[in-house]
Structure formats: C-alpha cells, structure tokens
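Presented below is the structure to which this report refers.
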Amino acid sequence: MALASLARRKGYLLSRSFSNQTSEALRYSLSLTSFSRGFASSGSDDNNDVVVIGGGPGGYVAAIKAAQLGLKTTCIEKRGTLGGTCLNVGCIPSKALLHSSHMYHEAKHAFANHGVKFSSVEVDLPAMMGQKDKAVSNLTRGIEGLFKKNKVNYVKGYGKFVSPSEVSVDTIDGAKTIVKGKNIIIATGSDVKSLPGITIDEERIVSSTGALALKEIPKKLVVIGAGYIGLEMGSVWGRLGSEVTVVEFASEIVPSMDGEVRKQFQRTLEKQGMKFKLKTKVVGVDTSSGGVKLTLEPAAGGDQTTLEADVVLVSAGRTPFTAGLGLDEIGVETDKGGRILVNERFATNVPGVYAIGDVIPGPMLAHKAEEDGVACVEFIAGKVGHVDYDKVPGVVYTHPEVASVGKTEEQVKTLGVEYRVGKFPLLANSRAKAIDDAEGIVKILAEKETDKILGVHIMAPNAGELIHEAAIALQYDASSEDIARVCHAHPTMSEALKEAAMATYDKPIHI
C-alpha cells in the first residue's frame, strides 16, 4: 500500500518538513485548528464551506479539490483569468518562449550538423508571441472548464476581508458583493520584488512580465539577479540574438543549487554567450529614450563602473502579495518578510482563515502551491494532508535544464553525516551522444551507512522530466542501489541516472 494512503487510513500526520528559514511558521500549535469553523458549523444557508482568494496554481487547485470533497466552494480571482502569475505571465508563457527560442537557435546553429540546411533563418517575433499567447489562452479556458465541471463558483474581482468569515469583492464589472465562507483560504501568490532606486516601467526597465512581451529583440539586455527567472529570460533573449549580461550581488548564481553542478552550469551558460558580473550591485540607473545606463559597484565597495543596455530586466526575487486584503483588520499575523504565518494544517492565528502557496514560508514554486492547496483542503474536510518540503523538486528551464531534489552536497556536509557521491557525465550517455546534446551531469548523494538517497542533481536536456524518478526515490527512502537495479530502457537519458546510482553504491558500467 502506498505510504500516503496508509497514512490517511491510519490517521497519521505525515511530516511537512520546513527549512530553517521557514521554522518561524511552525510556532503556532496544532491546537489552533480546534477553533476552526469547520465546514459543518452553523452559518447562513448561502454560506460557502470554502472560499479561496486567488485563482493561481494553489488557489484553483484548492478550489477544485474542495469541490471534489463535497464542499460548497467559491474562488475569487482579481485578474479575471484563472491560473495566476504562473499561467498568465510566468511559468507557462516563459516555457513557450524558451521552447520557441531554442527551436530558432537550433535551426540557426545546430541543424546543419544533422544534415538539415536552410538558406536563411529569421525570427518572426509577433508570431512567436502569438504562439505563446495561444498556449496561455487555451490553458486558462481549460481551468474555467474544470471549475464548471466541478461546480466551483467563480467570482472575478478583488477580494478583501471584512471579517474572518466575509470577503468583500470589487468585481471587474464594477459591482460590489459579499462572499461568505466558513473556511477562507488565502492563495494570493507573490509579486515582483522591487529594488531601491529602480522604477519598473515595463518598457526600458522590465519585470519578468515585461520581458515576456518585448516588442523587439534588444541588442543589449542586462539582467539584475542570477536566479531561476533571470537566467531563463536571459536565455530566451540570448538565443534570439541579444547580448546578455547578468548582474548579481551574491558571489554565485542560483545560490540554492548544488555547488559542483552550479559551476558546470555557469560555464555552460558562458559558452552560450551569457556574461556574468558577480559580487556586484547596481547603485544607479539612468533611463533615456535611447536606453538605460547602469552604475555598478563591487558588493564590498570600490570603484564604480557603468553598463549600458537597451532593456534591463529586474529579477531579484518575489515577495508575498497581501496588499489590500485586510489582513491587519482581522488580525492575521505575518513575519518580517510579509509571509503569513501558519501551522502544519495551514491555519493562521485567526480561526477559519488559512493560507497556502507563495504567501506562506517555503519555496515559491507553482507545484509546491498546488500541493499546499490539496493538503489544506484535506485538513479542512477532516482528512490528513501531506506536503514534504524537503522533497520538492526545482528546475531551471534553460538548455540544458538543471533539476534538483533533496539536499545539496553543501547541505549534507552541514548535517555532519558520512555520505557517498556518485556522478555520471552525459558525455558517456549513448542517447545524449546520438542526438549531439551531451552537455551535463547526474549527481547522487547517499548516506554512507544505509545508502539512502539524500539528494539528486541533474544537468541535462529535459532534466525537469528526469528528476521525478529521483523524487519518488527520495519520497520512499530508496537507496541508490534501488535505482541502479531497476531496468532502464536503452538508449535513454534516464540511463544516466541509473549509471550515477551505480557509481554511488558500487561502480558504473560505461565510464
């Protein structure tokens, strides 16, 4: 029987492990939930069992799951289209452009190696943007269809608490309405983090939203911030012809990434033409009709330099979006970073009010928000929810992609446990060589005594697809030998994971 099913049948609460940064969120006792209104408590006949504020990945999934569990549910979304930042101006449109730009780059630089030649290759940017918008439109309509199928009431407008059980909504057509709920879930996501002295106008200085809708390919693009979003958008425009420079205050790109993999990843991006200015801060920005001039300074202080660009992308992280929700009025507590504090059942300090996704501590990832939404609703319905933040995979969707799950080698060293490392380069993988796309590595960390897998890191084409075998292995405490003894089809990229597993507990075959 699956572990999660067994836990539900026996009523055990599976661990929701937080990192050190998120431990503050657990300071509330589980006893808080005994004061929750519960979906069977008294209220007016038109009361919802569940009201969800926000229709992003966490919110719409929570709403659908609540309806599937038999709870009367309403979802309030200010944007007027479902899917949140991820679907409308984030994950999905960026992946569409990453794919389109990769196809262009391959046609221009790689197809000839495979005997496919063109007299010329051109970018039709409006058509590329149209393909992106078509994908977004189809998916948003699909979620609305799921709402209808599951009988979720959908209110388009901006919601604000007027009491712990009532939300006032200014609808997008100018009306006002009150939505009542016995349990209210805050799923309002996050917003772009601003930087002092830098005003985003979405023309010369853009957020990730603006970077997805540029009218022309900039000759020079400066990206402030070397995280997931900055590197992905830098890759899009770099492939289409922009000269891309990434400015990062820290000493390394993607600080959460395994150090060894990070170094190889940075070298690969540099080979692709991306430039990096690490340990550097932006101290001034001068915008004109001709472009942007940035004044830079070493993070530790020193002589200033200037850098010119046609467009500057500000990609310095995101911050929880709670503005105008009325949280102070009803007494919902937040931490210094503006994140809503919740207990293990996603309950805030206000009875009947819950929060999930980017507005609470933890990684700001769409798939994490979805898991939050399902677990939160399960708790409300009297069931057992489960999210294990230690085993949430993360992916950088460049080419090659970088995907990770579990602990980095730096984190394992901090734990003080003895461990083994198994690695396998894609250069030794037959499928990667056959398609002439062999830049990458698979790295596995396992406890020395038990061989239990602690972390897996993959840099490879479609690493985001490969990582889930590792995620399942971690979820069920598998060993590297467990993976190594599973027959993997040949020739596949997945064989690199098998070989890395063999290298962890014994020896690989093909290197």
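Quick one: compute the contact order of the stretch 205-316, relative version, from alpha carbon pairs under 8 angstrom and 6+ residues apart, as a percent.
Values: 215 pairs, mean separation 38.8, N = 112.
Averaging sequence separation for qualifying contacts and normalising by length gives 35 percent for the stretch 205-316.
Relative contact order, percent, of the chain when contacts are C-alpha pairs under 8 Å separated by at least 6 residues? Please report the intermediate quantities before stating the final value.
Details: 1098 pairs, mean separation 84.9, N = 511.
For the chain, the relative contact order is 17 percent.
List, in order, the whole-Hz ³J(HN,Hα) value for each residue of the stretch 122-135 obtained from phi through the Karplus relation with A = 6.51, B = -1.76, C = 1.60 and θ = phi - 60°; use x for Gly and Pro.
10, 9, 9, 4, x, 5, 5, 5, x, 5, 4, 5, 5, 4
Would you order Val395, Val244 from fewest to most other beta-carbon atoms within 10 Å of each residue's own beta-carbon? Provide the component values of the computation, followed by the final result.
Details: Val395 21, Val244 27.
The fewest-first ordering by Cβ neighbours comes to Val395, Val244.
Could you give the Stokes-Einstein D for the stretch 400-505 in µm² per second, using the C-alpha Kirkwood radius, 25 °C, 0.890 mPa s?
Estimated via Stokes-Einstein, D reaches 183 µm²/s.
Of the cross-linked pairs Lys95/Lys275; Lys407/Lys498; Lys108/Lys433; Lys117/Lys498, which ones have a Cα-Cα span greater than 24 Å in the structure shown?
Exceeds cut-off: Lys117/Lys498.
How are the C-alpha pair distances of the stretch 336-409 spread across 5 Å bins, as whole percents from the shortest bin up?
3, 15, 23, 22, 16, 10, 6, 3, 1, 0
For mean projected area of the Cα convex hull in nm², the choices are [x] 41.1; [y] 24.9; [z] 26.7; which was calculated from the structure?
Evaluating mean projected area of the Cα convex hull in nm² on these atoms matches [z].
Mind checking which aspartates and glutamates have their Cα closer than 17 Å to the Cα of Lys78? Skip sequence neighbours fewer than 8 apart in that chain.
Of all the aspartates and glutamates, those that pass the test against Lys78 - Cα under 17 Å, at least 8 places apart if same chain - are Glu144, Glu166, Asp170, Asp173, Asp191, Asp358.
Using 0.36 nm per residue of separation minus the Cα-Cα distance, give me the extension gain between Glu243 and Glu202 in nm, one decimal.
Contour length minus the Cα-Cα distance gives 12.8 nm.
Defining a contact as two alpha carbons under 8 Å apart and six or more residues distant in sequence, what relative contact order in percent does the stretch 49-107 show?
Contact order relative to length: 33 percent.
Taking the Cα centre of the stretch 400-505 as origin and charging only Cβ (+1 Lys, Arg; -1 Asp, Glu), how large is the dipole, in debye to the nearest 20? Can you show the working numbers first?
On the way: 11 positive and 17 negative charges, 31 e Å.
Result for the stretch 400-505 is approximately 140 debye, rounded to the nearest 20.
Past 20 Å, Cα to Cα: identify those pairs from Lys132/Lys220; Lys452/Lys507; Lys219/Lys281; Lys151/Lys368, in the order given.
Distance filter (> 20 Å) returns Lys132/Lys220; Lys219/Lys281; Lys151/Lys368.
Amide H neighbours of Lys277 under 5 Å, at least 5 residues apart or on other chains, H built in the peptide plane: list them.
Counting only residues 5 or more places away or on other chains, the set is Val246, Val247, Glu248.
Check Tyr154: other-chain or 5+ apart residues with amide H under 5 Å from its amide H, H built from backbone geometry?
For Tyr154, whose amide H was placed from the backbone, the distant partners under 5 Å are Cys75.
Determine the calculated [θ] at 222 nm for the chain from helices alone, applying -39500 (n - 2.57) to every DSSP H run no shorter than 4 residues and normalising by the residue count; nearest 500 deg cm²/dmol.
Mean residue ellipticity, 222 nm, calculated: -9500 deg cm²/dmol.
Given points 7 Å out from each Cα along the Cα-Cβ axis, report the Glu216 to Gln475 separation in nanometres with one decimal.
About 4.9 nm, to one decimal.
To check you understand DSSP bridge types, tell me what percent of the beta bridges within the chain (both residues inside) are antiparallel, rounded to 5. Mind showing how you got there, number by number?
Numbers: 52 of 82 bridges.
That works out to approximately 65 percent antiparallel.
With +1 assigned to the C-beta of every Lys and Arg and -1 to the C-beta of every Asp and Glu, and no other charges, what is the dipole magnitude of the chain about the Cα centre in debye, to the nearest 20?
Dipole about the Cα centre, nearest 20: 700 debye.
Once you have a ≥ b ≥ c as the square roots of the Cα gyration tensor eigenvalues for the stretch 187-305, tell me rounded if a/c is under 1.5, and otherwise prolate or oblate according to whether a/b is larger than b/c. Working shown, then result.
Details: a/c = 1.30, a/b = 1.15, b/c = 1.13.
Taking the square roots of the gyration eigenvalues as a ≥ b ≥ c, the stretch 187-305 is rounded.
Computed from the coordinates by the stated procedures, all read-outs in this text should not be read as laboratory data. Because the structure is predicted, anything quoted here is derived from the model rather than measured. Ideal geometry is used to build each Cβ from the backbone, glycine not excepted, and the neighbour counts take in all protein chains shown.
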